[in-house]
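The values are calculated or read from the model by the stated rules, or taken from the named source; none is laboratory data. This structure is a prediction, so every number in the text was calculated from the model and none was measured. Glycine gets a Cβ as well: all are built from the backbone with ideal geometry, and neighbour counts include every protein chain shown. Remember, those area values only see protein heavy atoms, side chains included, never the ligands or the DNA or RNA. Shrake-Rupley method; radii C 1.70, N 1.55, O 1.52, S 1.80 Å.
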Amino acid sequence: MRSRTEKTAILALFSALALATGAIESLFPIPFPGVRLGLTNVFHFLALLIYGSAEAVMVASVRLFLAFLLTGNPFAFACSAGGLLCSLPLSIFLYKKYGDDLSVPAISVASAAAFNAGQVSVVVILTSEPSILAYLPVIMAIGSVTGYLVGYIAGNLRCRIESCRLRRSP
Amino acid sequence: MKQKDKVLYLFLFVIIAAASLASGLLGNGGGSTLEISSDGHVIKSLALSEMPSGTVIVLREGGGMNELLVSGGSVRMISADCPGGDCLKMQPLSSGRGVIVCLPHKLVIKLKGDQAQKPDGVDAVTY
């Protein structure tokens, strides 16, 4: 059932969907540099839930580099990279270690907070303006809501994809 | 909702609450002085009330150009010659809320309190 080809195709699909979601999100006004809805994170999170940590890192980095190639915006890249550097290890750690005690949306909320912290740190370093840290709580509060949304969507998608697989195999 | 979800949410809530308290102590409240910093240094401090609606502030910092438009007490970025243009998508500054950041040119634009007003400045403007 879980052939290599299928896995490659699905991971490629996740990366492409993440890239497309990111492109759509970039059309909306933003309250802070690099702050978006974060729906792109659904896909590497989903890769973590369905496959594992290596696959999650793969989807996240493919999206990160392709988005950089497409937009040519090194600053958006730096913000996303800083965020991912904090959020990915945390989501992997929480999912592997506390996956039985924590629900998927809760892990996503924690990862979103870590993502925001990483992102704001990058902005502070790039602008040498520590007063920007004052916006972190607001961004984190908004991030918790979108983080929950991301976790909820990813959890639901996992159930659908897995039930789809079960139906297909005899 | 699983067992430890509440613990995690509570933990996060405490962090956010503590951080907002800390940032409140920093006194980042709004005001009517437009402060423009480049690379961590304040380069311009302008009273909003002294600028008529439609004023365009041209900034040549960090090897690029940005244009700010002041209109009706709010400030927004109207042009930037960077590849991303993220600052153009940021919410306009009004009633002291928020910040506009241009990462490529290391610009931070925000509204600050009036405590640092020049002594010879206008005290109040009435219409």
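Some notes on this structure:
- Per residue of A:22-28, other chain Cβ atoms within 10 Å of the residue Cβ number 1 on average.
- Cα-based reach from B:Lys2 at 13 Å (exclusive), listing aspartates and glutamates while leaving out same-chain residues under 8 positions away: A:Asp100, A:Asp101
- Local electrostatic count, B:Ile78, Cβ distance below 13 Å [Lys/Arg +1, Asp/Glu -1]: 0
- Our helix-only sum for chain A, with -39,500 (n - 2.57) per DSSP H run of n ≥ 4 divided by its residues, gives a mean residue ellipticity at 222 nm of -27500 deg cm²/dmol.
- Per-residue mean of C-beta atoms belonging to partner chains within 10 Å, peptide B:4-17: 5
- Per-residue average of Cβ from other chains inside 10 Å of A:47-57: 0
- Taken per residue, the accessible surface of the range B:1-78 reaches 57 Å², heavy atoms only and a 1.4 Å probe.
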